[in-house]
Amino acid sequence: IAPEILKTAKELQGIVSETEKQGKKLADKIAKKLPIIYASNNLKAVARIWKIKFNENSKIPAFYNCFPELNHNEMVGYTGFKKLGAKNFAVIILQDADDHQRIQKRMKLTANLIKKSGIGKIELVNIKSGSMIFKVFSALLLGDWVSYYTAINQKIDPTPVDMVENFKKLMAK
């Protein structure tokens, strides 16, 4: 596995600049919106880490789920979404060309249904092709840039986590 990791590291070095530009562009598109990140079950951990990056770097709430599970109950929540300020949310769907055809179909259908709910923004993000380890790390790199530029766009310093530090102090008492 070590040779694959070294190969992936070299491949990632080659896409940093391009991925940063893509991340900034996506951050601009979802500006001032709360992100909801969706992915296939294969990339569920990536969607979860994107959520965490938005929480930690951008200092905003974020949510995630995966296909096909979200098609059972979660999407019903969009039915009454307009009443709750749907324009304040952005759905980001992480798409992998290697996902099963049924999952890809679910993603497209779900995106179209969510659009009808009045959601502020819906973005379909294609994950780069390559080995699974490359897909995961390139998607994580993109998530880092999106959350970083989301913070910068809001004039927020992405580095401190004051609330966590304060919480730890309170717990120690």
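The values are calculated or read from the model by the stated rules, or taken from the named source; none is laboratory data. Bear in mind that the values here come from a model prediction, so they are computed numbers and not experimental data. With ideal geometry, Cβ positions are generated from the backbone for all residues, glycine too; neighbour counts draw on all protein chains shown. What goes into the accessible areas is simple: the full protein's heavy atoms, side chains included, and nothing from ligands, DNA or RNA. Shrake-Rupley method; radii C 1.70, N 1.55, O 1.52, S 1.80 Å.
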In the neighbourhood of K128 defined by beta carbon distances under 10 Å, the net charge of the other residues (Lys, Arg +1; Asp, Glu -1) is -2
The set of residues whose placed amide H lies less than 5 Å from the amide H of I122, leaving out same-chain residues fewer than 5 positions away, is V91
Carbon and sulfur: what percent of the chain's accessible surface (1.4 Å probe)? 58 percent
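Per residue, how much accessible area does the stretch 69-141 show when a 1.4 Å probe rolls over the protein heavy atoms, in square angstrom?
Values: 4130 Å² over 73 residues.
Per residue, the stretch 69-141 has an accessible area of 57 Å².
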If you average the sequence gap of Cα pairs under 8 Å that are 6 or more apart and divide by the length of the chain, what percent do you get for the contact order? 31 percent
Give me the percent of Cα-Cα pairs in the chain that sit more than 30 Å apart, rounded to a whole number. 21 percent
For a label point 7 angstrom out from the Cα of N126 toward its Cβ, which stretches of the stretch 3-34 have the backbone nitrogen within less than 15 Å? 19, 22
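Past 24 Å, Cα to Cα, is the threshold; run K7/K135; K82/K121; K44/K121 against it and keep the listed order.
On the way: K7/K135 13 Å; K82/K121 13 Å; K44/K121 21 Å.
The pairs that break the limit, which is 24 Å between Cα atoms, do not exist here.
Fully extended, how many nm does the chain gain between L140 and K7 (0.36 nm per residue separation, minus their Cα-Cα distance)? Intermediate values should be presented prior to the final figure.
Working: separation 133, 0.36 × 133 = 47.88 nm, distance 1.67 nm.
The span from L140 to K7 would gain 46.2 nm if fully extended.
By its C-alpha gyration tensor, with a ≥ b ≥ c as the square roots of the eigenvalues, how is the stretch 91-173 shaped: rounded for a/c under 1.5, else prolate for a/b larger than b/c, else oblate? Working shown, then result.
Values: a/c = 2.33, a/b = 1.72, b/c = 1.35.
Taking the square roots of the gyration eigenvalues as a ≥ b ≥ c, the stretch 91-173 is prolate.
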What is the list of residues in the stretch 143-164 whose amide nitrogen lies under 20 Å from a point 7 angstrom out from the Cα of K21, following Cα to Cβ? 143-150, 153
Given pairs K21/K83; K24/K59; K25/K105 and cut-off 23 Å on Cα-Cα distance, the over-length ones are K21/K83; K25/K105
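What shape does the stretch 111-152 take by its C-alpha gyration tensor, where a ≥ b ≥ c are the square roots of the eigenvalues and a/c under 1.5 counts as rounded, a/b above b/c as prolate, and the rest as oblate?
Working: a/c = 4.75, a/b = 1.48, b/c = 3.20.
Oblate is the answer for the stretch 111-152, as a/c is 1.5 or above yet b/c matches or exceeds a/b.
Relative contact order for the stretch 76-173 using alpha-carbon pairs under 8 Å, separation at least 6, rounded to a whole percent? Walk me through the numbers before you get to the answer.
Working: 75 pairs, mean separation 26.0, N = 98.
Computed value for the stretch 76-173: 27 percent relative contact order.
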